Amino acid sequence: MMPKGSGSADPGFGTHQLEKYRRAEPVGGGAYGIVYKGYDTYTNEVIAVKRIKIEVENEGIPSTAIREISLLREIEHDNIVK
C-alpha cells in the first residue's frame, strides 16, 4: 500500500526516513523513552518505533541516551531499522 501521491513503492535513497513510518498507539515505555506500535507506510507491515526522551540538561544530551542510540546503531538485526 503506497501513500497518496507516491510515485514508487519504496522511498529509496535520499528520502526522509520518518515519512516511511506511521506511529500508532503506545505499547510500553520506561525511563529512556516510549515504544509505539507503528506501520511501514509502503508495506503496511506492523513495526515498533521507539521515541527516546532526550531532555537537554545543562551539560547536553544525557549519556544514557547516547549509549542507547550507539548500541542500537551497532546491532545488526532485521528488526532494527538504521
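Please work out which one of (1) at pLDDT 90 or above; (2) part of a helix (DSSP H, G or I) is the condition K37 fails and give its number.
Of the numbered conditions (1) at pLDDT 90 or above; (2) part of a helix (DSSP H, G or I), the odd one out for K37 is (2).
If you go through the stretch 40-51 one residue at a time, how many are in a loop (DSSP other than H, G, I, E, B) and in contact with a helix residue (DSSP H, G or I) (Cβ under 8 Å, 6 or more places away or on another chain)?
Qualifying residue count for the region: 2.
Condition first: assigned to a strand (DSSP E or B) and either more than 20 Å from E19 (Cα to Cα) or at pLDDT 85 or above (or both). Now tell me which residues in the stretch 52-74 satisfy that.
Listed by number, the residues that qualify are E57, G60.
Cβ contacts < 7 Å: first residue more than 16 Å from K50 (Cβ to Cβ), restricted to the stretch 8-31; second residue modelled with pLDDT under 60 and surrounded by 10 or more Cβ atoms within 10 Å (Cβ to Cβ), any location; separation 6+ or different chain. Result?
If the second residue must be modelled with pLDDT under 60 and surrounded by 10 or more Cβ atoms within 10 Å (Cβ to Cβ), the pairs left are A9/M2; E19/P11.
The values are calculated or read from the model by the stated rules, or taken from the named source; none is laboratory data. The structure presented is a predicted model; accordingly, all values stated were derived computationally and were not measured. We place every Cβ from the backbone using ideal geometry, glycine too, and count neighbours over all the protein chains shown.
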